[in-house]
Structure formats: structure tokens, C-alpha cells
Amino acid sequence: MIRSRMMKLAGLLVLIVISMASTGCGKKGILDHVVVTPTDNFQNVRVSLFFKSDVQLLLDGKIGVGEYGHVYMYPWTAGRPFEMGFELKSSVFHEPGYVSLKPTMYLPNGAPIGLPYPVVEVGSEQPVTPSFDLYGYVDVEHLSWLGMAGIFEISENSDIPAGLTLTQVFLRDETGVPTLFASVLGPAFNTDGSVKQRAGLALFANIKALALKTRAGEPTILKPEKKIYVTGPVATDTPRNKADLIRLQRDIIAEANHSVGR
């Protein structure tokens, strides 16, 4: 089964090269910019990730995070790009009900979040749809990180490498540590080829770091760094050519659209 998947991946990469040579579309990334909009003293902050206008991602949903705000995904339309993010009050860090939750360092699909310590996960009682759900994340220990993730179904015959995480950084602190980043998450498969873990998208921001880089009431636009970081159990076997990585990002997005309406 492993050999078969490696052969499929090799075939996929051949198709990637051919497609890029004929269209050039593999050179264009999928993440366009993040907009950070805080209120006075960061009592409320909105962090919105906008995708490239040609990324026709149709996931649509919003869930509340207690009484503190919400996390969301708004679908692509002909008039606006796909948008995902969160709008939350900073008082969410002190919610007694969240302080008592067990923190996690993993997303719902089993992929590591990528933070230096665990945060609590907040979800809704019912999924957005049977094949798609949203989650919020709150750093109740260090009062720094907020985040969100959307997890969606993926087909069992997908050629996307298992356990793949593709991350881009939008902001770093003075020491070079990422303080705002987004990840595109591949699935994980069982030995029989069935899906073990779903794919997804995630966005995390260090609110303390953002407070030093933004002004109250003024939107701050952040562009992603060019480098795409590859992590996960297949990281060493995944091509590091940026065009190939962008193609894998787009393949995961295509799978997300297949889950819409399931």
C-alpha cells in the first residue's frame, strides 16, 4: 500500500510539472493577505485571512465562541475572495469554563497546531455540516494565542500525501519566532486506503505580539512570507519546490470543495 501511494505521488508530480509548463498556474500561491483589526486596548480583535481571488473555495460556516465572538469561513463569490478567521474579545482568555478544559497541541484531524505549548479547543455541539466543522482556540495559560480551524472530508482515492502540513508565516517577533501563521492540512490514511484523519485549514495569531504591531481601529494588512514550511511524517519525502507545494495546497482546496454539500 505504501509503495502504491508513493507511485501515485510520483505520477502526480509528473502531472504537476506538465501542468505548470503548459499553464504556469502552479507558480501562484493561494494565500493573499491577512487583515488585523483591533479595538482600543485590544478589547476586541478581528483577524481575517483572504485567499487569492482565483481560489474558488466554497466552505461556508460560523460558530460562536461563548459570548466572546465567533470563528468563521465565508465562501468565494464572483465579487469577493474566500475569507476565514475570527473576531473575539480578549476577555475570552479569562473564561472560567475554558480554563477548566484540557489543553491540546493538536488540531481535530490529529495534525500538530505548531504552537510552543497547548491551548484549549472550543467547538459547537453540532458540526456545521456532516462533512465540515469549525473550531476555535484560546490560550488560557499564557493569554497570548487565539486561533481557528476548519476540518473537512477528503476522498479515499486522493493522491495527497498523508500527514502533510503546509504553513506560511505572516508575522514574526523581534527574535524571529512566528506570531501569525496559516496552515493547509493534508489528510491521514489507514493501511487499507480509507481516510483516518480529515484535511483542513488553520489560522493562529499571538495577540500580545499583534498589539505591538498594530493601532487601535486601524486595519493592518500583512502579506505571507514566500517560503512554505513542510511538516508532518512525510515532510522529508515531500518535494520542496515551491510550485509543487502550491499545487499540493490547491489539491487540498479542491478536496474541500468536493466535501461541500455532502
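The values are calculated or read from the model by the stated rules, or taken from the named source; none is laboratory data. Since the structure is predicted, the reported quantities are computational estimates derived from the model, not experimental observations. Backbone-built Cβ (ideal geometry, glycine too); neighbour counts: all protein chains shown.
No other residue among GLU125, GLU121 is crowded, with 20+ Cβ neighbours inside 10 Å and under 23 Å from GLN197 (Cβ atoms) apart from GLU121. The listed residues are GLU95, GLU67, GLU83, and the only one of them that is at pLDDT 95 or above and within 24 Å of LYS213 (Cα to Cα) turns out to be GLU83.
Among the residues of region 31-85, count how many are loosely packed, with under 15 Cβ neighbours inside 10 Å, in contact (Cβ under 8 Å) with a residue 40 or more places away in the chain and not in a strand (DSSP E or B). Working first, answer last.
Here is the first cut: in region 31-85, the ones loosely packed, with under 15 Cβ neighbours inside 10 Å are 39-41, 43, 53-54, 62, 64, 67, 77-80.
Then drop every residue that is not in contact (Cβ under 8 Å) with a residue 40 or more places away in the chain, which leaves 39-41, 43, 62, 64.
Next cut, not in a strand (DSSP E or B) only: 39-41, 43.
Count: 4.
Got a number for residues in region 117-147 being part of a loop (DSSP other than H, G, I, E, B) and either touching a residue at least 40 places away in the same chain (Cβ under 8 Å) or within 24 Å of ASP60 (Cβ to Cβ) (or both)? Summing the residues that are part of a loop (DSSP other than H, G, I, E, B) and either touching a residue at least 40 places away in the same chain (Cβ under 8 Å) or within 24 Å of ASP60 (Cβ to Cβ) (or both) in region 117-147 gives 11. LEU180 falls short on exactly one of the conditions (1) within 16 Å of VAL230 (Cα to Cα); (2) within 13 Å of the chain's Cα centre (by Cα); (3) not polar (S, T, N, Q), and that condition is (1). Only residues that are modelled with pLDDT under 95 and either within 29 Å of PRO38 (Cα to Cα) or surrounded by fewer than 24 Cβ atoms within 10 Å (Cβ to Cβ) (or both) were counted across region 134-153, and they come to 2. Which count do you get for residues in region 179-210 that are modelled with pLDDT of 90 or more and either touching a Cys at 6+ places or on another chain (Cβ under 6 Å) or surrounded by fewer than 17 Cβ atoms within 10 Å (Cβ to Cβ) (or both)? Final tally of qualifying residues: 1.
Collect the residues in region 95-104 that are touching a residue at least 12 places away in the same chain (Cβ under 8 Å) and either surrounded by fewer than 18 Cβ atoms within 10 Å (Cβ to Cβ) or assigned to a helix (DSSP H, G or I) (or both), keeping them in residue-number order. Within region 95-104, GLY97, TYR98, VAL99, LEU101, LYS102, PRO103, THR104 qualify.
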